[in-house]
Amino acid sequence: MIENDRVHYLDNLRALALLAGVLFHAALAYSPLMHNFWLTADRDKSVWVDVAAWFLHLFRMPLFFAIAGFFAARLVNQRGVGGMLNNRMARVLLPLVLFWPLVTAAIGWLAKRAASTVRNAPPLLELLRQNDLPSLPLSLAHLWFLGYLLLFYLLIWIAATAEWRVAASWTLAATPARLLGLAPLLLAPALASVSAPTPAPEGPLPQLWAVVFYGVFFFFGYALHWRPLLLSQFRPLSAALGIASLAAHTAFLWLLKVQSRHTGAHLLEAVLQAYVSVWMTVWCLQAGQAWLNARLGWLRYLSDGSYWTYLVHLPVVFAIQFQLLDWDAGWPIKWAISVLVTLTACLASYHFAVRGTALGRVLNGRPGRREGMAVTSQGRRS
Amino acid sequence: MYGQIVEQVTAKILAGDWLPGQAIPSIRQLAAGSKVSVITVKRAYLELERAGIIVTRPGKGSIVAESSDLPRQLALKDFHAGLSAMLEAADRLQMDPASVFQEVEKELLSHRGAGLAAEERGKTA
Amino acid sequence: MTFAGHDLQMIRLLVVKDWQVYQKQLAGYLAGLLLALSLIGTGRTWSFNAGGLLLLVLLVSTGFFAIGHIVVNERKESTLPFVMSLPVTALDVFIAKLIAGLLIYLVPFLVVLSTTILLVLATSLPDGLLVYAMLVYFFMFLSYCVALCVAIAVESEGWNIFIQMALMTMLSPFMIWAGSLQSIATNVRTNHIVWSPEVLSVFGGEVLVTALALAVTCWFHTRKASVLQSS
Amino acid sequence: MTTAITLAGVRKEYGGFALQDIDLELPAGQVMGLVGVNGAGKSTIFRILMGLIKPDGGQVEVCGYRMPQGQVAAKREIGYASDDMRLYKGKSLRWHMDLVRSVYLDWNEPYAAQLLKRFDLRADQAMGGLSHGQRVKALLLLSLARHPKLLLLDEPTTGLDPVARGEVLEAIAEVLGDENRSVLFSSHNTRDVEQISDYIAFLHRGRLVAVKDKESFLESWRRILCQGEWRDEIAAVPEMVSVRRNGSVIELKVRSFHPGLTARLQQLGLAISAVDRMDLEDIFVTSIAAGERQ
């Protein structure tokens, strides 16, 4: 049914998840929680940014990994594990190798320039200015997700080679109730081992908690490919899931505000985050299947450009927000400007400089059949 | 072992499976089909050809001989084979021709009945 | 496609074959290596140490089992006649074995090596550790090469185990000795990466021994008259 | 006529074993059975033919290629399976088929599928779980499916049950249909050799005792049953290989039989009661026993 055609709702959801990343990263400058750790942290900040941004943060990457898992399964199904790996080398490893140095260099350069020009320097920039640090610590920045994707693709190869069918059968045997009720509890220890809200695992080495946490979503998506009817079983729960997630997130934020480094409270935070992640990911998937399962013109285009946009957006956001630091305006205006300018710049550059070029082919597959970043159908000719 | 092939082919012809003039399998086909070496089949075909049961034309394979009285020929061949076996045994017993005839006559008499034998003898006399 | 009388395509095929025969085990080792890396990445002292230890143990054992699997087993399990029935010369098979053996080891080895470099340079560990770590890693690589060569030349399980054990027991004396080298001892706890003549000559020695082992095995193999002598 | 195999004056010595002065020729399109007891040197001959062992002397030519120099080209034309050959335990037959297919251009997949079915093998089963018979059939499948010009089969039917033996012989016999393809196979089951081979080579203690086309080989041996007084001249008849006496009944086994021989025996005062052809098994045992006595 979906073998030879695009899975529209996942294409659309993936585009939205990646674009949500732009909104999220642009919002961090106005987050009180991140004020001390963010290069472009602004003087004007609001607790409402924390409320919204960290809610989004809890499920945008899980959702993305679930979708990536689904498309990995689709590739394995169409071309075998070797074919999947070959395809992923071109679509994931190559962009990582190409963009990581560029992004790192760009951010480093921007930060250095800002350190000498900006008057209202945020704490992190001030630190850079004072200590004259040689460079920022080695980090994959926002491209860490590519590293983890590669790791998960490798795990698929390992599992297929070693013929570990047990894990697959467990996933396939999961019922909706177990998935929503028990799976989050399994994820909680991973989240409990890091600070809340969860940091980006951007270091050069894989972080165990992130491997487990995002890996579970990835393999959930992988299993979803073989259980196409699973999502519709969640539909009756749609409203309940949304409300429960919001409630859990509120509880989480309240705990975060009142807790005093208490281990029990930290554990509870982890549990709450895990529930919100799983529930909202499932909610998004079923909502996408219900409402976005069609070829929507504007989203279609966004979906094509979303990979490129996501890869390059962070330096652009930084470049804009460094300029905005010394401007006296409210955070909503600054945020809106940084988002709009970033999206415009990224999509325009995509349209004029990437779409028809070799780079566009690397990111989106062969011309004429742009399939977003995770899917191609080279095997099919029409 | 080639004897088996000879019998097999003769039986097919006698049963009418292979008709006079019809091509029979090539040596290699028959060898592969009956899991017997080529050389064995070759020898069997030689034997069959010598007996006039099949005809081999160089380069064209073998056919069943066109003679109208093939069954009779085959029977005759059997007869001659028996005859030569008998003579071989007679040699071993060091019988002289006269006693060989005697034995044959005796056997004929008991086999076909006395009257018939007498009639035969009258004709030849 | 031939080069100097060797059928490169066949050699490639034999290497791929060995890779596939060993693939299942290799997948297990890779999974273990990923776990070890994740443990190290977690950054706590206990997990850092556990991950580091796991990394080294996996590296040593993957080498040990790679040799057992692709060299010793080929004779023990009587798959050599099958390989030799393919259109190859004994020398092609030998070259393929050498390449496959190195390749199968180099995959986990390079993972571990690059991780170590990354760790030393990117974390608070003293950068001077890099020189020492490289010396030790190349000693492990040398040990593997020698063991591989011996296994290919002798093809006996007993000798293989003996040589590998002997080389393994030499690792810690080597680590102590290398640690006592003047330029290592003075720089290992600092952020200076110093390639002194002393260190470079040890490196040179390591490279020389590796090359010698490979050369002797090659020489030995070209003189071998029969592949399946023992029946 | 071209020859598939030519061995001329081949010698090989190792351990306590010596292969001596092997002269052997297998014309193309023929099937040759190599007969001999265990340790006679059959496997050594196969290995020399495959270029796996370099002989101490003599010349070896297989499919027109000098061995062992031409072994790569020769092995492209040879399908070789031996009793001591094993496949990779952890891998499936399909994997092995793909491996062989990637080496030889003339791999015939439909024929391979047909052989799979006939041999009752499953392609996705790991080799480790196969019985001896299945393993032999798998090896044979890998050789046969690429239509090699020359099949070298070292003990292909050893240890097989009668059904599997039948299947294997049938598959080998299919090769007989093609006049360009030759087979050399060894067996200590003389019945298999007698059934499908055109030529018989008799190997004993590293020496070729006889090489002949099967029909004249079988034709040349006779078992003669007679009665009479024993005289030492009987044993001195040059064709005599074996003599057994039981009272006045004397059983003689002779080679190079000719009609004149019976007359000669009669001259020696023997009354002949039967002259029978012998089967290969009988010839085999008789000549080995005779060889031991010398």
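If you go through segment D:200-225 and keep only what is facing another protein chain (nearest Cβ under 9 Å), touching a Ser or Thr at 6+ places or on another chain (Cβ under 9 Å) and touching a residue at least 24 places away in the same chain (Cβ under 8 Å), you end up with just D:LYS214. Against the list (1) away from chain A (no Cβ under 14 Å); (2) part of a loop (DSSP other than H, G, I, E, B); (3) without any contact (Cβ under 8 Å) to a residue 40 or more places away in the chain, the condition C:PRO173 fails is (2).
Considering only residues in segment C:39-55 that are surrounded by fewer than 17 Cβ atoms within 10 Å (Cβ to Cβ) and not small (Gly, Ala, Ser), the one that is nearest to C:ALA166 (Cα to Cα) turns out to be C:LEU53. Do we find that D:LEU99 is facing chain C (nearest Cβ under 8 Å), part of a loop (DSSP other than H, G, I, E, B) and without any contact (Cβ under 8 Å) to a residue 24 or more places away in the chain in this structure? So D:LEU99 fails the test. Given the condition assigned to a loop (DSSP other than H, G, I, E, B), outside the structural domain of D:GLU194 (by TED's automatic domain parsing) and open to solvent by 60 Å² or more (accessible area, probe 1.4 Å), answer yes or no: does some residue in segment D:261-270 qualify? No, segment D:261-270 contains no residue that is assigned to a loop (DSSP other than H, G, I, E, B), outside the structural domain of D:GLU194 (by TED's automatic domain parsing) and open to solvent by 60 Å² or more (accessible area, probe 1.4 Å). Screening D:VAL60 with (1) at pLDDT 90 or above; (2) in contact with a helix residue (DSSP H, G or I) (Cβ under 8 Å, 6 or more places away or on another chain); (3) over 25 Å from D:GLU25 (Cα atoms) gives one miss only, at (3).
Quick one: C:ALA225 ticks every box in (1) modelled with pLDDT of 85 or more; (2) within 14 Å of chain D (Cβ to nearest Cβ) bar one, so which box is it? Looking at each condition in turn, C:ALA225 falls short on (1). For segment A:190-242, which positions are under 30 Å from C:VAL120 (Cβ atoms) and open to solvent by 60 Å² or more (accessible area, probe 1.4 Å)? Hits for segment A:190-242 are A:SER195, A:GLU202, A:VAL212. Inspect all residues belonging to segment C:45-57 and state whether any of them is assigned to a helix (DSSP H, G or I), at the interface with another protein chain (Cβ under 9 Å from one of its Cβ atoms), in contact (Cβ under 8 Å) with a residue 40 or more places away in the chain and of a type outside the set (Asp, Glu). Scanning segment C:45-57 turns up no residue that is assigned to a helix (DSSP H, G or I), at the interface with another protein chain (Cβ under 9 Å from one of its Cβ atoms), in contact (Cβ under 8 Å) with a residue 40 or more places away in the chain and of a type outside the set (Asp, Glu). I'd like the residue in segment A:34-53 that is assigned to a helix (DSSP H, G or I) and among the hydrophobic types (A, V, I, L, M, F, W, C) and, out of all such residues, is nearest to A:PHE24 (Cα to Cα). It comes out as A:ALA53.
Look through segment D:3-26, keep the residues that are in a strand (DSSP E or B) and on the phi > 0 side of the Ramachandran plot, and return whichever of them is least open to solvent (accessible area, probe 1.4 Å). Out of the qualifying residues, it is D:GLY9.
Does segment C:137-153 include one or more residues that are at pLDDT below 90 and open to solvent by 50 Å² or more (accessible area, probe 1.4 Å)? Scanning segment C:137-153, I find no residue that is at pLDDT below 90 and open to solvent by 50 Å² or more (accessible area, probe 1.4 Å), so the answer is no. Determine, yes or no, whether A:TRP48 is free of Cβ contacts under 8 Å to residues at least 24 places away in the same chain and open to solvent by 20 Å² or more (accessible area, probe 1.4 Å). Taking the combined requirement at face value, the residue satisfies it.
With open to solvent by 40 Å² or more (accessible area, probe 1.4 Å), assigned to a helix (DSSP H, G or I) and farther than 17 Å from A:ALA66 by Cα as the only criterion, which of A:TRP298, A:TRP279, A:TRP283, A:TRP327 stands out?
Working: A:TRP279 fails: farther than 17 Å from A:ALA66 by Cα; A:TRP283 fails: farther than 17 Å from A:ALA66 by Cα; A:TRP327 fails: assigned to a helix (DSSP H, G or I).
None of the other options fit; the residue is A:TRP298.
Looking across segment D:73-92, just one residue is in a loop (DSSP other than H, G, I, E, B) and more than 7 Å from chain C (Cβ to nearest Cβ), and that is D:ASP83.
Scan segment D:130-150 and report the pairs whose first residue is assigned by TED's automatic domain parsing to the domain that holds D:LEU176 and open to solvent by less than 20 Å² (accessible area, probe 1.4 Å) and whose second residue is basic (Lys, Arg) and assigned to a helix (DSSP H, G or I), with Cβ atoms within less than 8 Å and a gap of 6+ or a chain change. Here the result reads D:ARG146/D:ARG101, each pair linking segment D:130-150 to a residue that is basic (Lys, Arg) and assigned to a helix (DSSP H, G or I).
Checking each residue of segment C:76-88 against the condition of being modelled with pLDDT under 85, on the phi < 0 side of the Ramachandran plot and either surrounded by fewer than 20 Cβ atoms within 10 Å (Cβ to Cβ) or facing chain A (nearest Cβ under 10 Å) (or both) gives no match. If you go through segment C:1-44 and keep only what is of a type in the set (S, T, N, Q) and more than 14 Å from chain A (Cβ to nearest Cβ), you end up with C:THR2, C:GLN9. Taken together, the residues in segment A:173-217 that are within 14 Å of chain C (Cβ to nearest Cβ) and not β-branched (Val, Ile, Thr) amount to 21. Within segment D:46-72, being crowded, with 22+ Cβ neighbours inside 10 Å and either more than 12 Å from chain C (Cβ to nearest Cβ) or aromatic (Phe, Trp, Tyr) (or both) holds for D:PHE46, D:VAL60, D:VAL62.
The values are calculated or read from the model by the stated rules, or taken from the named source; none is laboratory data. Keep in mind it's a predicted model, so treat the numbers as computed, not measured. Positions of Cβ are backbone-derived with ideal geometry, glycine not excepted, and every protein chain shown enters the neighbour counts. Calculation scope for accessible area: heavy atoms of the full protein, side chains included, ligands and nucleic acids excluded. Shrake-Rupley method; radii C 1.70, N 1.55, O 1.52, S 1.80 Å.
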